[in-house]
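Values in this text are rule-based calculations from the coordinates and carry no lab data. Everything numeric in this text was worked out from a predicted model, so none of it was measured. FYI the Cβ positions are ideal-geometry reconstructions off the backbone, even for glycines, and counts take in every protein chain you see.
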Amino acid sequence: MSDYDPAKVAIRPAATVMLVDDRPDLQVLMMQRHANTVFAGGMWVFPGGSVDAADDSQEYQAISVHRTDEEASQLMGLQSGGLAFYVAAIRESFEEAGIMLAIHKESAGSVDLSDGSTATRFESYRDEVNQGNRDFIEVVRREDLLLDVAAMHYVAHWITPEGPPRRFSARFFVARMPDGQTPLHDNRETVHAEWLAPHTILERFDREEMVLMTPTLRMIKSLALFRSAREVIEAAEANQDDQRARVVPSSGEIVMPGEPGYEQGVENIESGWIRLRPLT
């Protein structure tokens, strides 16, 4: 018996980012969560997490560039607070994967962590942030950076179904992996990081070698429709209309318009809207 009322579980805002690159084929960064984490233990995920109250602040808006809160909110159909999802995705990328999606304020160049001393300094920052000894915004200010919101492209929205003790309204983004940086799991929430082609992930999932949440699996299937990271980013930049996901009751598969079973699919099992698809 559960000791909570599923209908009264608060839905928390969350953000996650699919980091893509050509290596040389299209690949996406996947991270395996620690088996003992409360949410999605042992599963393979994209970097991401809850939107903190501080993410929706004037301080973060002041150090974000190329998109205002009004513009971000309009993209996601929100009255306000849209920029906080971008901030959370960038912050979580740094905390979980050590990736800094930011540019230098003076030169507008991306953060290059290929130099040993610079990499060591940022690794120290990351450890301090994860241990609660330093705020992420302090790192950005200390290094005289701006959060590169333009590098982030909003592509999907998923709301976890009623039932679990934790529910999320998660906004999904896609970004190109910055040059001069190497992802590394944090050994706290995540225990492994790997670049994988979407088709490889689907094959491993079918062989039960990888465990994925259903929205993650659906987004991998969407990525598998592309041939390169460039194509993915171009399609994301086009900001196409949302398409509503449906679930085929007999199989539990999430399908999109034009896929087998969509006309018979239902919308009351998984709530998802995706605007990432190949340009026609």
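Applying 1/(1 + (r/R0)^6) with r as the Cβ-Cβ distance of D206 and E128 and R0 = 35 angstrom yields a FRET efficiency of 0.30. Between S107 and R188, residue separation times 0.36 nm minus the direct Cα-Cα distance comes to 25.8 nm. Each of S57 and D144 was given a label point 7 Å from its Cα along the Cα-to-Cβ line. The distance between the two points is 2.3 nm. Calculated translational diffusion coefficient of region 178-258 (4 °C, 1.567 mPa s; Stokes-Einstein with Kirkwood radius over alpha-carbon pairs) equals 86 µm²/s.
For region 76-149, trypsin sites (Lys or Arg not before Pro) meeting the loop criterion (DSSP other than H, G, I, E, B) and having at most 15 other Cβ atoms within 10 Å: K105. Stretching the chain fully between R227 and D135 yields a gain of 29.3 nm (0.36 nm per residue, less the alpha carbon separation). For the chain, the spread of Cα positions along the three principal axes, ordered from largest to smallest, is 55, 47, 39 Å. Quick one: if the Förster radius is 35 Å, what FRET efficiency do T280 and R12 give, using the C-beta to C-beta distance and rounding to 0.05? Rounded to the nearest 0.05, the efficiency is 0.50. Normalised by residue number, the volume inside the convex hull of the Cα atoms of region 16-90 is 129 Å³ per residue.
Placing R0 at 51 angstrom, the Cβ-Cβ distance between S117 and D241 gives a FRET efficiency of 0.60 after rounding to 0.05.
For the chain, a simple Cβ point-charge model (Lys and Arg +1, Asp and Glu -1, everything else neutral) yields a dipole of about 400 debye relative to the Cα centre. Remark: the Q74-I269 segment gains 67.5 nm on full extension, using 0.36 nm per residue and subtracting the alpha carbon distance. With Cα atoms as the point set, the radius of gyration and Dmax of region 97-181 evaluate to 15.7, 49 Å.
Beta bridges per DSSP, both residues in the chain: antiparallel share near 75 percent.
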